[in-house]
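Before any comments, here is the structure.
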């Protein structure tokens with residue numbers, strides 16, 4: 001399949017951007033902590049330039065509040081960047097006291113989901129103190145994206161491994177949950193054991209260059225390719241290169257089309273008119 005064909009809706013379900021005045025410092029700091037080389041500048045304009053070059057229609061921006069007091073300010077910024085190219089999610093820090101009102105405000109502002117990062121936000125994914133937040137988000141129909149598996153900027157024990165995430169999925173079977181990094185970065189044997197076939201989505205962010213091709217295909221068929229979402233983790237992954245990596249796996253055209261965008265369209269409740 002020619003992934004540049006414009007009758008294909010391509011959605012990158014996992015990118016990171018920062019406000020213009022923070023982007024340079026934020027990307028530099030994160031690159032130092034994780035020992036990664038950024039592939040874009042971390043700004044909204046930078047991701048739009050990348051999208052145009054790669055042939056990506058829309059990108060889902062996933063902000064993270066690493067401190068409770070950052071939550072509302074970051075969410076205000078997220079609401080402000082939404083447009084025909086950018087789908088912004090919100091953030092809730094587990095220690096933010098006014099989380100319930102914040103979720104209501106995000107929902108009323110057109111935000112379709114929340115990003116949680118159990119490493120940077122320092123909580124175990126199945127800690128029951130988070131359950132009221134998950135329950136509220138699920139009732140609103142908001143997608144919940146979790147960083148899952150190893151994080152290159154941290155040491156073990158990691159806070160969102162597949163078995164723990166399965167506890168959340170089974171506690172909230174109707175929630176719209178996405179496990180980033182193919183269910184758990186560098187934890188794909190555990191993904192096969194504990195998560196494949198459960199009621200959640202996996203995104204492909206920062207995984208295709210690392211995973212064994214046969215394991216990717218095996219997980220895809222066991223879990224269901226209708227629950228895989230193309231994603232890059234930009235600025236840490238190149239949108240153009242990640243599209244090429246996915247194409248080179250050799251998936252059937254209908255499956256490739258679904259992973260590139262159709263699954264995301266369904267999950268996010270978008271329409272063809274949105275493209």
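Bear in mind these aren't lab numbers, they're just calculated from the coordinates by the rules spelled out. Computed from a predicted model, the values in this text were never measured in an experiment. Here the Cβ is made from the backbone with ideal geometry for all residues, glycine too, and neighbour counts use every protein chain on show.
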With a ≥ b ≥ c from the Cα gyration tensor eigenvalues, square-rooted, and the rule rounded for a/c under 1.5, otherwise prolate when a/b > b/c and oblate otherwise, the range 1-115 is oblate
Which order, highest average first, do 83-96, 213-226 follow once you tally other Cβ atoms within 10 Å for each residue and take the mean per peptide?
-> 83-96, 213-226
Using a Förster distance of 25 Å, how high is the FRET efficiency between residue 20 and residue 105, based on the Cβ-Cβ distance and rounded to 0.05?
-> 0.60
Taking neighbour Cβ counts within 10 Å as the exposure measure, how do 191, 259, 44, 265 sort from fewest upward?
-> 265, 44, 259, 191
How far is the Cα center of the range 88-161 from the Cα center of the range 1-79, in Å?
-> 18
Would you mind ranking 66, 204 by Cβ crowding within 10 Å, fewest neighbours first?
-> 66, 204
Provide the gained length on full extension for the span residue 33 to residue 174, in nm with one decimal, where the gain is 0.36 nm per separating residue minus the Cα-Cα distance.
-> 47.2 nm
Which order, highest average first, do 107-117, 16-26 follow once you tally other Cβ atoms within 10 Å for each residue and take the mean per peptide?
-> 107-117, 16-26
Across the Cα atoms of the range 108-254, what radius of gyration and what greatest pairwise Cα-Cα distance (Dmax) are found, in Å?
-> 14.9, 43
Place a point 7 Å from the Cα of residue 193 in the direction of its beta carbon; the residues of the range 131-156 whose amide N falls under 15 Å from it are 149-150
Between (i) 77, 32, 32; (ii) 82, 48, 32; (iii) 48, 41, 39, the structure-derived Cα extents along the principal axes in Å is (iii)
Residue 167 versus residue 76: modelled label distance in nm, points set 7 Å from Cα along the beta carbon direction = 3.7
Among rounded, prolate and oblate, which fits the range 34-101 when a ≥ b ≥ c are the square roots of the eigenvalues of its C-alpha gyration tensor, a/c under 1.5 means rounded, and a/b larger than b/c means prolate?
-> oblate
Once you have a ≥ b ≥ c as the square roots of the Cα gyration tensor eigenvalues for the range 191-238, tell me rounded if a/c is under 1.5, and otherwise prolate or oblate according to whether a/b is larger than b/c.
-> prolate
